[in-house]
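Okay, so here's the structure we're looking at.
What follows draws every value from the coordinates through simple rules; no lab data is involved. This one's a predicted model, so the numbers in the text were calculated from it and none came from an experiment. No Cβ is skipped: glycine too gets one built from the backbone with ideal geometry, and neighbour counts run over all protein chains shown.
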Amino acid sequence: MSFEVKKICCIGAGYVGGPTMSVVAHQCPDIEVTIVDVNSDRIAAWNNPDLSQLPVYEPGLDIIVEEARGRNLFFSTDVSRAIAEADMIFISVNTPTKNYGKGKGMAADLKFIELCARQIAEVATSDKIVVEKSTLPVRTAAALKSILDNTGNGVNFHILSNPEFLAEGTAITDLLSPDRVLIGGENADAIEALVNIYARWVDRAKILTTNLWSSELSKLTANAFLAQRVSSINAISELCEKTGANVDEVAKAIGMDSRIGPKFLKASVGFGGSCFQKDILNLVYIARSYNLHEVADYWDQVIIMNEHQKRRFADNIIQTLYNTVSGKKIAVLGWAFKKDTNDTRESASIYVSDYLMNEQAQIAVYDPKVVTERIYADLDYLNTRSVDENRAQLEVWKDPYEACKDAHAIAILTEWDEFKDYDWERIKENMKRPSFVFDGRKLLDRQKLESLGFTYYAIGE
Ligand code: NAD
Ligand code: UGA
């Protein structure tokens, strides 16, 4: 039996559900796509006529939403209705690291996924294809199937795994021309239905179909490999600092070997983002649950290296500033976990600032896209000190020059392009002497900064 997909519902209007389904609607004008979420503020923001107020900032997203919204793309809080009407339901809810009970701090928290499954089962009165878009532990589809089949109304559910590989900041180009689309499943017709949707704009040769478990595990594996490359080059960056080698030169030299390749070899203050750490922790947890302790330890090291990189960056600032930052103003340029996004989840900036604040530094933050409330919420979430103390010790500026004024040091923590074009001479004139720059992204031009009189430190030099 072949499936005709006329209506799609996506549960979860976040960084993945929003952009991914907007692109599906954009590319398939004849399919009605409804993105639903329990967070009514988020849905209101997706429906805001002012496209600069969309809840997710991604280059090009506004144009896609503008074209499709109201035509065949809808955002709603009526989850049950959208489920009931859809032929195909994507689950794109958050799967954070568990912060309670068994597997606390390691396992993925699947409570939101299970809630979705129960709601689908309760509401569905016709056959549905249910697509795992969220990143999930391998074998989650078995749990989903059990819930759907045991609590449903006797209709058929076909489960597919279709993990998302987009990176934030380049989501729209990644979605429009993906390296590959991965679809895992058991039912050939259900798989074909989803293949036919992507095939509207993705070359069929790039649409890979596998069994469910390979698809689920490939997503965790892809993120683990990517993060491992960053931790590998970051490990080398520390060795570079001791030996006079330059990590960018080493990265270029090894990256030209086609077996290694040039991407994901940029040394940094440490990877952030909502997924790398979460997914590796999950992989480690799964390996341990099968008693594969060597496998678990191997991947755990990627996280250990990343923690170390953030910590040693902060320690270097403290040591260089004569072993005390107490009462000293330190400007933090960049709060987002990478450029071109307003997402700050697990950003290195949060941890570096927190370490420096433990040493009583006064932090002044500037980020072109992150709002003030988000910055305080990130710090408050750590619970290191009181809400009032966080506000007393950290100030957020709308103007980078103000953030840097009278600072003893500047820490570059996100690679925003605009930082390169600042009037560094003006910044220097208004800073304390000696004027230190700690470049956690190797973004700025050493020669230029040194000629202006800065003392310049960069990761891996
Ligand atoms: P997010 O937190 O931005 O969005 C998830 C949304 O789901 C939230 O708005 C939340 O309110 C909503 N939600 C939760 N439970 C719900 C329910 N029962 N009914 C309706 N709405 C509900 O998360 P995200 O970044 O979009 O990530 C979603 C999934 O995609 C995760 O599994 C993540 O690992 C994976 N992923 C993320 C990225 C990324 O770049 N952020 C990339 C690839 C995969
Ligand atoms: C990453 C993956 O690249 C996506 O394929 C995946 O879909 C996504 O995770 C996910 O599952 O959430 P994302 O976290 O959005 O995407 O961004 P990346 O470009 O991977 O960067 C992650 C972090 O690593 C950032 O903090 C970035 O600055 C850092 N990074 C990246 C480096 O420090 N060096 C590099 O060479 C590359």
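General remarks:
- Phi angles of region 346-359 translate, via the Karplus equation with coefficients 6.51, -1.76, 1.60 and θ = phi - 60°, into HN-Hα couplings of 6, 5, 4, 4, 4, 6, 4, 4, 4, 4, 5, 5, 4, 8 Hz per residue; Gly and Pro are given as x.
- Calculated diffusion of region 7-210, Stokes-Einstein form, Kirkwood radius summed over Cα pairs, 37 °C and 0.692 mPa s, µm²/s: 191
- Placing a label point 7 Å from the Cα of Thr320 along the Cα-to-Cβ direction, the residues of region 221-236 whose backbone N falls under 19 Å of that point are 234-236.
- Rounded to the nearest 20 debye, the dipole magnitude of region 128-224 is 40 debye, with +1 charges on Lys and Arg beta carbons, -1 on Asp and Glu beta carbons, and the Cα centre as origin.
- Dipole magnitude for region 211-461: computed about the Cα centre from +1 point charges on Lys and Arg Cβ and -1 point charges on Asp and Glu Cβ, it is near 260 debye.
- Remark on region 229-294: Rg and Dmax equal 14.9, 43 Å (Cα only).
- FRET efficiency estimate (nearest 0.05) - Cβ-Cβ, Lys252 to Asn39, R0 41 angstrom: 0.40
- Efficiency of FRET between Asn383 and Asp406 - r from beta-carbon atoms, R0 25 angstrom, step 0.05: 0.25
- With R₀ set to 22 Å, the beta-carbon distance separating Glu429 from Lys398 gives a calculated FRET efficiency near 0.60.
- Fraction of alpha-carbon pairs over 18 Å apart in region 76-178 - percent: 52
- Unit charges at the beta carbon, dipole of the chain: most positive-side option, Gly185, Ser347, Ala235: Ala235
- Coil-residue chymotrypsin sites (Phe, Trp or Tyr not before Pro) of region 272-333, DSSP, other Cβ within 10 Å capped at 10: Tyr290, Tyr322
- Over all pairs of different C-alpha atoms, the chain has a mean inverse distance whose reciprocal, the Kirkwood radius, equals 23.6 Å.
- Exposure proxy for Leu148, Leu73: other Cβ atoms within 10 Å of each Cβ, ordered fewest to most, give Leu148, Leu73.
- Value at 222 nm in deg cm²/dmol, rounded to 500, when DSSP H runs of n ≥ 4 in the chain each add -39,500 (n - 2.57): -13500 deg cm²/dmol
- By the beta-carbon count within 10 Å of each Cβ, the least crowded to most crowded order of Ile113, Ile330, fewest first, is Ile113, Ile330.
- In this entry, region 135-243 is assigned a mean projected area of 9.3 nm², taken as a quarter of its C-alpha convex hull surface.
- Per-residue 3J(HN,Hα) values for region 135-152, derived from phi via the Karplus relation 6.51 cos²θ - 1.76 cosθ + 1.60 with θ = phi - 60°, read 7, 9, x, 4, 5, 5, 4, 5, 5, 4, 4, 5, 5, 4, 6, 8, 10, x Hz in sequence order (x marks Gly and Pro).
- Among the chymotrypsin sites (Phe, Trp or Tyr not before Pro) in region 78-164, those located in a DSSP loop and surrounded by at most 16 other Cβ atoms within 10 Å of their own Cβ are Tyr100.
- If you look at the Cα atoms of region 275-432, you get an Rg and a Dmax of 17.3, 59 Å.
- Positive-end extreme of charge dipole, the chain - chosen from His26, Phe313, Cys275 (charges on Cβ): Phe313
- Comparing Val195, Ala121, Leu208 along the charge dipole axis of the chain, the residue lying farthest to the positive side is Leu208, per the Cβ-charge model.
- Residues whose placed amide H lies under 5 Å from that of Val33, excluding near-sequence neighbours: Ile8, Leu73, Phe74
- With θ taken as phi - 60° and the Karplus curve 6.51 cos²θ - 1.76 cosθ + 1.60 applied, the whole-hertz 3J(HN,Hα) list for region 114-120 is 5, 4, 4, 4, 5, 5, 4 Hz, x standing for glycine and proline.
- Full extension of the chain between Tyr376 and Ala235 gives 47.7 nm of extra length, using 0.36 nm per residue less the Cα-Cα distance.
- Interchain or long-range residues, amide H under 5 Å from Leu160's placed H: Val130, Val131, Glu132
- Net lengthening on full extension, Asp149/Ser52 (0.36 nm per residue, minus Cα-Cα): 30.7 nm
- A simple spin-label model places pseudo-atoms 7 Å from Cα toward Cβ; at Gln301 and Thr77 they are separated by 5.0 nm.
- Estimated dipole of the chain in Debye, rounded to 20 [Cβ of Lys and Arg +1, of Asp and Glu -1, Cα centre]: 760
- When you work out D = kT/(6 pi eta Rh) for region 1-83 at 4 °C and 1.567 mPa s, using the Kirkwood radius from C-alpha pairs as Rh and the Stokes-Einstein form, the result is 103 µm²/s.
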